[in-house]
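Bear in mind these aren't lab numbers, they're just calculated from the coordinates by the rules spelled out. Every value quoted in this text rests on a predicted model; they were computed, and no experiment measured them. Neighbour counts are summed over all protein chains in view; Cβ atoms, including those assigned to glycine, are modelled from backbone coordinates with ideal geometry.
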Amino acid sequence: MGRIYKKPVSMTKIAMRYCPGCGHSIAHRLIAEVIDELDIRERAVGIAPVGCSVFLDEYMDCDMIQVPHGRGCASATGMKRVRPDLIVFSYQGDGDLAAIGTAETIHAATRSENFTVIFINNAIYGMTGGQQAPTTMPGQKTTTNPYGREVKVHGYPIKVCEMLSALDGPIYLERVAVNNVPNVLKAKRAIKKAFQIQLDGLGFTLVEILSPCPTGWGVIPKKACEYVDEKMSKYYPLGVYKDLTKKK
Amino acid sequence: MEETITKLKAKIKIIETLCKGCGYCIDACPKKILEMASYSNQSGYHPARCIKPEDCIGCALCYQVCPEIAIEVEKL
Amino acid sequence: MKNMEKYKMGEKVLMKGNEALAEGAVRAGCRFFAGYPITPQNEIPEYLSWRIFEVGGTFIQSESEIAAINMIFGVAACGVRGMTSSSGCGISLKQEGISYIASAELPFFYANIIRGGPGLGNIAPAQSDYFQATRGGGHGDYRVIVLAPNSVTEMGNFPKLAYDLADKYRNPCMVLADGLLGQMMEPMEFNFDWVDPDKLPPKDYIVTGCKGRPRRIINTLHMIPSILEKHNWHLYEKYQRIEENEVRFEGCNLEDAEIVIVAYGTSARISTEAVIKGRKKGIKVGLFRPITLWPFPKKAINELADRVKKLLVVEMNMGQMVEDVEIAVSGKSAIHFLGRPGGSLPTGDEVLDKVEEILSKPASPERERGK
Ligand SMILES: Cc1ncc(C[n+]2csc(CCOP(=O)(O)OP(=O)(O)O)c2C)c(N)n1
Ligand code: SF4
């Protein structure tokens, strides 16, 4: 009768080593819950990026591979092309996906490769110590923007969902956040939808998750969640950017 | 004598060793029954604790925002 | 199932080197190709762009060489025989991925149809990527098995050898050729039976979903130095086994030779001409041709140096393999060098002139630099 909320089956017992209040761990749990609910753990292969979430392969209790920085979408393409029966997801940070791996991302999207990308936008390079990311917002301070990102010097941030929505290939693009309860629940619905689209064989899906990085932003976790609402989601509006499921 | 024990709606368990004290659950709880402990766990964080488990309604909102999956909730 | 085999084993066919390599790969069970156009290897992707679909495989013209190699990483991780090919700068771009795959100990096959370098260089045949190939090529301490064909027949048959070695040792294996071998046409024949990829032995290290078994992880990150050190020593042991068991070379007219030319690939072909002409003139010249460039036939060359006091290394570069020959000979014989970098080819007469010049002088222990 009653429901039990506890660690999903698709996660290992290993305790996650993220900073206090980091959004990565919430995103991990949501993916695992979706894998449990869709009952695809035994067909799933996850791709861990280079970044704070490089240890994703320790936390997910399914087959995992860790690939070079930025190349998740290329490796996922190879896997899915030779084993279309697998459920492949590529988990990537913003430096990984939108700087060093921009080409791989765009081309996998435009080929509409049938896998799911979970894209963590925390506007910073977490793992290497809080440097500027392609998603760092104008004025935002990082360890390589000590006075705040100056667009005349560093250019403008990349809005991944908006950019990819200009392509014909992607089937489903949504931007969500994991900074409060309603957003977490919406994020899970988006992830589940993306995986379902892959199960249905329709094509490329990407869920962008605005994710607090209290350490990189130099604020306490609570303030980091407020920052997602007050600053990030103003610059990166939440919502569905593309959904071709109805047309197909 | 009338029955005075009200039926528990839910069971909440906080795995203090996993908690990193971010405080997300404290803000998320609609019943405001979670708080930061004054002591610290073995990692040096003040863990969240439930001060009135009997008031828990099992909404699991704390579970939803807990990055460490340090909270388990069972709705009875 | 319809017959997918295009040529019978042993059947003589006229083929271009690059096409023979591509057909050979398909014949050896390759079912995925990803690559990015670059001359002089374009016949490989062009051929596979239709041929691989005939056998139920997939071809992707990737957005870059970096994407191609990482697609192959995924394909190898799923246990499928995948392949990529490139040249010069394209192979440089692939090195990060090759290093990851070598560390993850996944088998795959790739070809470098070398062009002149450095930089954009040119598209003429060269052997300037010997160091890159035989030292691993990318970052970190690793090796890839390097096969150097010198004919269209070998171009067609080495993919099978490469896949078998790659599977046997769970290691990348490459063919190192050049534009001349890639683009010339000559009669060739396949010397192996059609490989049905479904009948290859199963691999217990690939990621294909954890149904009915514990999950698997393919990972190249080892944060604890002692664990990475252990992994490095494990790779080292494997490389030692490869050095012990997989050295391949060929000799011609070695028995009575006073001077031996050491050359591989195209330069070996050219040197063969010098040997034939030299023998006609009564010159006791032989040819030693390494077929595996890594593992390098160190021992065989060392033994050769016991008998032959003059060696001439011929390369289409400024002198790369000559360093391995020096190590192998360890001072026992004089080593001479004839190099033509930049996409220029030495002629058979040029090689023979050099042979005669060396024979006219007493053996000196110093290696002569330059042309
Ligand atoms: C080719 C290469 N360049 C640079 C690095 C170093 N590096 C590791 S993580 C990282 C940044 C990751 O940032 P992001 O993708 O935003 O993920 P986050 O850590 O913020 O989760 C970089 C630059 C690398 N590992 N490989
Ligand atoms: S640095 Fe940021 S992204 Fe990385 S673990 Fe810490 S909070 Fe998370």
Mind listing which GluC sites (Glu not before Pro) in the range C:1-85 are in a DSSP loop and have 11 or fewer other Cβ atoms within 10 Å?
C:GLU11
Name the residue, out of A:LEU167, A:LEU97, A:LEU206, whose mean-square fluctuation peaks in a Gaussian network model built on chain A with Cα pairs under 10 Å.
A:LEU167
Only helical DSSP H runs with n ≥ 4 go in: add -39500 (n - 2.57) per run for the protein assembly as shown, normalise by residue count and round the 222 nm mean residue ellipticity to 500 deg cm²/dmol.
-10000 deg cm²/dmol
Roughly how tilted is helix C:225-245, in degrees to the nearest 10 and between 0 and 90, from the longest Cα axis of chain C?
60
For the range C:1-65 the trypsin sites (Lys or Arg not before Pro) that pass both the DSSP coil test and the at-most-16 other-Cβ-within-10 Å test are C:LYS2, C:LYS6, C:LYS8, C:LYS12
Report, in debye and to the nearest 20, how large the dipole of chain C comes out about its Cα centre when Lys and Arg carry +1 and Asp and Glu carry -1 on their Cβ.
500
Quantify how strongly other chains surround peptide A:53-61 by giving the mean number of their Cβ atoms within 10 Å of each of its Cβ atoms.
2
Under the classification rounded if a/c is under 1.5, otherwise prolate if a/b is larger than b/c and oblate if not, where does the range A:49-109 fall, given a ≥ b ≥ c as square roots of the Cα gyration tensor eigenvalues?
oblate
By the C-alpha gyration tensor axes a ≥ b ≥ c (rounded if a/c is under 1.5, else prolate when a/b exceeds b/c, else oblate), the shape of the range C:1-71 is oblate
Projecting each Cα onto the charge dipole of the range A:61-113 (Lys/Arg +1, Asp/Glu -1 at the beta carbon, about the Cα centre), which of A:MET64, A:GLN92, A:ALA108 comes out farthest on the positive side?
A:ALA108
For A:GLU33, C:GLU186, A:GLU230, which order do you get if you count the other beta carbons within 10 Å of each Cβ and list the fewest first?
A:GLU230, C:GLU186, A:GLU33
The range A:19-71 versus the range A:127-188: alpha-carbon centroid distance in Å:
20
Pick from A:VAL54, A:VAL219, A:VAL45: which residue has the top mean-square fluctuation in a GNM of chain A where Cα pairs under 10 Å get a spring?
A:VAL219
Angle between the Cα long axis of helix C:89-104 and the longest principal axis of chain C, 0 to 90 degrees, nearest 10?
60
What residues have an amide H closer than 5 Å to that of A:VAL88, excluding those fewer than 5 places away on the same chain, when H is modeled at 1.01 Å from N in the peptide plane?
A:VAL45, A:THR116
Let me check against my output: what whole-number percent is the relative contact order of chain C, with C-alpha pairs under 8 Å and at least 6 apart?
17
Skipping prolines and chain starts, which residues have an amide H placed within reach, meaning under 5 Å, of the one on A:TYR5, given they are 5 or more residues away or on another chain?
B:VAL73, B:GLU74, B:LYS75
Taking H as built 1.01 Å from N, whose amide H comes closer than 5 Å to the amide H of A:ASN145, not counting residues under 5 places away?
A:GLN132
Hand me the tally of lysine pairs in the range C:13-199: alpha carbons under 18 angstrom apart, and the pair either on different chains or 8 or more positions apart.
4
Just name one of C:GLY24, C:ALA274, C:MET321: the one whose Cα is farthest towards the positive end of the charge dipole of chain C (beta-carbon charges, Lys/Arg +1, Asp/Glu -1).
C:GLY24
Ordered by number, the chymotrypsin sites (Phe, Trp or Tyr not before Pro) in the range A:97-156 that occupy a DSSP loop and have at most 10 other Cβ atoms within 10 Å are A:TYR147
Neighbour counts of other C-beta atoms within 10 Å: give me C:SER226, A:SER165 arranged from fewest to most.
C:SER226, A:SER165
Toy charge model, Lys and Arg Cβ at +1, Asp and Glu Cβ at -1: the protein assembly as shown dipole around Cα centroid in debye, rounded to 20, equals 1360
Taking only Cα atoms of the range A:24-247, radius of gyration then Dmax in Å
16.2, 49
In order through the range A:190-196: 3J(HN,Hα) via Karplus (6.51 cos²θ - 1.76 cosθ + 1.60), integer Hz, x for Gly, Pro:
5, 4, 5, 4, 4, 5, 5
Determine the relative contact order of the range C:251-359: mean sequence separation of Cα pairs under 8 Å and six or more apart, normalised by residue count, in whole percent.
31
Size of the dipole of chain A about the Cα centre, Lys and Arg at +1 and Asp and Glu at -1 on the beta carbon, nothing else charged, in debye to 20?
420
Considering only A:CYS213, A:LEU244, A:ALA190, whose Cα is most displaced toward the positive end of the charge dipole of the range A:179-248, charges sitting on Cβ of Lys, Arg (+1) and Asp, Glu (-1)?
A:LEU244
Residue-wise, which Karplus ³J(HN,Hα) couplings in Hz belong to the range A:3-19, taking 6.51 cos²θ - 1.76 cosθ + 1.60, θ = phi - 60°, and x for glycine or proline?
9, 10, 9, 8, 3, x, 4, 7, 10, 7, 7, 5, 6, 6, 9, 7, 5
Heads up, the range C:13-199 by the C-alpha gyration tensor (a ≥ b ≥ c square roots of eigenvalues; a/c under 1.5 rounded, else a/b over b/c prolate, else oblate) looks rounded
Please report the Cα spread of the protein assembly as shown along all three principal axes, rounded to whole Å, starting with the longest.
122, 56, 53
How far is the Cα center of the range C:7-71 from the Cα center of the range C:321-351, in Å?
33
HN-Hα couplings for the range B:42-50 via Karplus (6.51, -1.76, 1.60; θ = phi - 60°), in whole Hz with x for Gly/Pro, come out as 5, 8, x, 9, 7, x, 6, 9, 9
Which whole-number percentage describes the relative contact order of chain A, with Cα contacts under 8 Å and a sequence gap of 6 or more?
19
Under the definition of partner shielding as Cβ atoms of other protein chains within 10 Å of a residue Cβ, what is the mean value for peptide A:180-189?
3
